[in-house]
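These notes are about the structure you will find just below.
Please treat every number below as a calculation from the coordinates, not as lab data. Since this is a predicted model, take the numbers as computed values, not measurements. No Cβ is skipped: glycine too gets one built from the backbone with ideal geometry, and neighbour counts run over all protein chains shown.
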Amino acid sequence: MDYAAARAELLARPGPIGPAARRALVGLTDDWLTELFVASGSDAHGCALVAVGGYGRRELAPGSDLDLLFLTPVGSDAGELSESIWYPIWDSGMKLDHSVRTPAQARQLAGQDLKVVLGLLDARTVAGDPELTAGLRSAVLADWRAMASRRLDELHQDVRDRTVRAGELSYLLEPDLKESYGGLRDLTILRAIEASWVITTEHRSLENSAQLLLDARDALHAVTGRASDRLLLQEQGPVAQRLGMQDADELLRSINAAGRAIAYACDVAWHRVDRATSGQSHGLVRRLRGTRRSTAGRTPLADGVVVQEDEAVLALDARPDRDPVLLLRAAAAAAQEGIPLSPHAVERLATQSAPMPVPWPSSARNALVSLLGAGRSALPVWEALEHADLISRLIPQWAVVRSAPQRNPVHTYTVDRHLLEAAAAAAGLTRKVSRPDLLLVAAMLHDIGKAQPGDHTQVGVEIMRELAPHMGFDEADSAILVSLVANHLLLPETATRRDLDDPMTAELVAKAVGSQLELDLLHQLTIADAAATGPAAWSEWKASLINRLVGLARAVLAGEPVRAEPALTPEQLALADLDGVQVAMAPTEGAWTVTVATDDRTGLLGLLAGVFAVHRLAVKNAHTATVGRRAVTSWTVIPEFGEPPGTQRLREDIRRALDGTLDLSAALDKRRQAQRPRQQRVPAAPTVELLDAEATDAVVMEIRAQDAPGLLHAVATSVAAAGVQIDSAMVSTLGSEVVDVFYLRGGDRVTAQHEHAAQAVTAALEALTNP
């Protein structure tokens, strides 16, 4: 059989991806390997060719390896026999994971290596003596059951380590379908747990989730031509189309839901394994948090809630049908104690709970705040409620954000997980505000307007206007919650895109928040939001800017005068007294300050920005002062890699750029060509906007565009050529998008109506559309 040709023809056939296609691929592969086995003469020697792992489970994907064990009786010389099978596989281009063992050797190795034992639990005979395989599998199963306590604890640690590396499938925007927690590997582990006879698991009820993940992996391999199991953002649209889904959002929601179901089954299984193998739980949550262990019997935990076998369960006389707050009270008690809410309790709450009164009673609000205040201990409890769709009963608007994707590379999580991560982060900040309840609720709901048409902040404001009174907050507290949703981006956007030395900047923030209480809440909400977004959303440099802005706004609210501070220090201005190009560098909070003094000239800021771009220094802001015929410019930069270049090297390249011996255009073109090619996509059109009222004595020009090397250089050079002076610039990069802000002057004061401002806009757009 020409397997490579037959396989290519099979994979090229039109038709849906699914179990039938996988069976056909496995059948073709089995037939081919049987031919090779027979041709090798291995059958006559009593050997067996055994499929293990995914191939053993008949889950062969287009990019899967062939995971094979050549099983030989004791004393049989299998070297030449097995090689006559391996070489044709290699020649076909298939990837092969192979081994040659006697049953005793394979059994011994399984006793030492978890990966081997998991593979052998799914072993099946492809060709040869089935009794040889059956005997090995029976022995491995017996060993697995005999050592279940030790081996399952080892396996659980492997799962925890993998979760740290690969994250949780149900919340990631770019999940690994196999390795992320709740993925295909965890389905294998659930079967292994059940095979140990320690507990029974729910893996049979997960068939639909399993089939979806297998189908998605097959489609991913088919679309990309690669064996990778990580579903990247740019591949989700084609995979969705291959599966007959409407769009990438439908695909990701479906995958997140499947991962959520699998992860919940795993959480329950591992908790019960811990309990069964140790007599009392010593699971991950309890070890990490150091919470006390439960005693035998039923220990009261809260009104209507008790601890039994280290789970929160409902008391025998609890009446969820008469006590609607019991749902939140039980969840809060479990989270605060750091133990799971038992599946039986969740089922009772789901089937028996009375509707929550509207507006909520204060006891319900207090229980929700207590649940959120438990920090990360609240996450598994919340997930248990989500499993029974109880959150949407309490907060109907939650259904929209549940498993909702975010098409923004700055974000790591789906919308709902981002909100929970923000609340968990806020739980560690509650000592810094006078109203921790408002901080926690605002953190949980600040992005509630996402996954709906329109600006998510405006949509969220309208939702919160309705939801806050629904939850029983009074008029004053509801107004604060609405304002926190409306302004949750105010501090980071203002701090990184506006001139903090301009008094109007602090006045705008103070006017927006209106009170010291709200400013403090907004400050901590900003920190929690950034922590929940991803590593690109926060830095020491950004934190320092926000802290400074909050301090300035606090002074305005206190009635203290806020005067414009000089952008440059006397030490920096003193560089103007020296001749030639002068450069000084100093580290600052999370960044470097670079001061350049040179003879003034048109387009200087753009030229210096080009030199920094060549040296891979990401510019965050720049301020310029003119001292006679000299210009002094202060830059805040962050090296893209490692340390910045030395002062002498930077000074020399600036000198060469000024006298024309360094071709900046050519150097930047070379850098662009060295960049890794981007996925083909059509970026949104760049925008340029004038914000005349947001500065004391200048016009603010804001540009938004796709990031590219030398972008600041191109725009600043073009604006200067239009005759408009740039006094300062702030640069903010959000994933692949940039927001650059310029403070403009040109001759007389530039206004939004002045011809210079119009020329600046035209020049900036030209630079952005024709780089």
message: Can you classify segment 72-172 as rounded, prolate or oblate using the Cα gyration tensor, where a ≥ b ≥ c are the square roots of its eigenvalues, rounded means a/c under 1.5, and otherwise it's prolate if a/b beats b/c and oblate if not?
response: oblate
- prompt: Classify segment 318-427: rounded, prolate or oblate, from the alpha-carbon gyration tensor (a ≥ b ≥ c, eigenvalue square roots; a/c under 1.5 rounded; otherwise prolate if a/b is larger than b/c)?
  reply: prolate
Selection from 650, 336, 53, by position along the positive dipole direction of the chain (Cβ): 336
query: Quick one: helix 207-224 against the long Cα principal axis of the chain, what's the angle to the nearest 10°, folded into 0 to 90?
result: 60
query: With axes computed from alpha carbons, what is the tilt in degrees of helix 664-674 against the longest principal axis of the chain, rounded to the nearest 10 within 0 to 90?
result: 10
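Based solely on its DSSP helices, what 222 nm [θ] is calculated for the chain when runs of n ≥ 4 H residues each add -39,500 (n - 2.57) and the sum is averaged over all residues, nearest 500 deg cm²/dmol?
Dividing the helical sum by the residues of the chain leaves -16000 deg cm²/dmol.
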statement: Applied in sequence order to segment 182-197, the curve 6.51 cos²θ - 1.76 cosθ + 1.60 (Karplus, θ = phi - 60°) yields integer Hz couplings, x standing for Gly and Pro, of x, x, 4, 5, 6, 5, 4, 5, 4, 5, 5, 4, 5, 5, 6, 6
For segment 586-722: relative contact order, % (alpha-carbon pairs under 8 angstrom, 6 or more apart): 29
message: Can you find, among 621, 366, 222, the residue sitting farthest towards the positive end of the charge dipole of the chain, where Lys and Arg contribute +1 and Asp and Glu -1 at Cβ?
response: 366
Sequence ranges 43-55, 96-108, ranked by mean other-Cβ count within 10 angstrom, highest first: 43-55, 96-108
query: With a ≥ b ≥ c the root eigenvalues of the C-alpha gyration tensor of segment 1-143, is it rounded (a/c under 1.5), prolate (a/b larger than b/c) or oblate?
result: oblate
message: How tilted is helix 415-427 with respect to the longest principal axis of the chain? Cα atoms for both, answer in degrees (0 to 90, nearest 10).
response: 70
query: Pick the calculated Rg and Dmax of the Cα atoms in Å for this structure from (i) 27.6, 100; (ii) 27.5, 86; (iii) 31.6, 98?
result: (iii)
From phi via Karplus (6.51, -1.76, 1.60), per-residue ³J(HN,Hα) for segment 354-371 in Hz, x at Gly/Pro: 6, x, 6, x, 10, x, 4, x, 4, 5, 5, 4, 4, 5, 4, 4, 5, 4
task: State the answer as a single residue: which of 718, 263, 128 lies farthest towards the positive end of the charge dipole of the chain, with beta carbon charges of +1 for Lys and Arg and -1 for Asp and Glu, about the Cα centre.
output: 128
- line: Treating only Lys and Arg (+1) and Asp and Glu (-1) as charged, each at its beta carbon, one finds that the chain has a dipole about its Cα centre, in Debye to the nearest 20, of 1120
- request: Could you size up the charge dipole of segment 395-532 around its Cα centre, putting +1 on the beta carbon of Lys and Arg and -1 on that of Asp and Glu, and report it in debye to the nearest 20?
  value: 420
- line: A chain fully extended from residue 38 to residue 10 at 0.36 nm per residue, minus the present Cα-Cα distance, gains in nm 7.7 nm
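Hand me the chymotrypsin sites (Phe, Trp or Tyr not before Pro) from segment 195-284 located in a DSSP loop with no more than 13 other Cβ atoms within 10 Å, in residue order please.
Sparse-neighbourhood loop chymotrypsin sites (Phe, Trp or Tyr not before Pro): 197.
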message: Contact order normalised by length for the chain, with contacts defined as Cα pairs under 8 Å and 6 or more residues apart; what percent is it?
response: 7
message: Within 11 Å, Cβ to Cβ, of residue 227, how many net charges do the neighbouring residues add up to if Lys/Arg are +1 and Asp/Glu are -1?
response: +3
- prompt: What does the charge dipole of segment 375-434 about its Cα centre add up to, to the nearest 20 debye, if the Cβ of each Lys and Arg holds +1 and the Cβ of each Asp and Glu holds -1?
  reply: 240
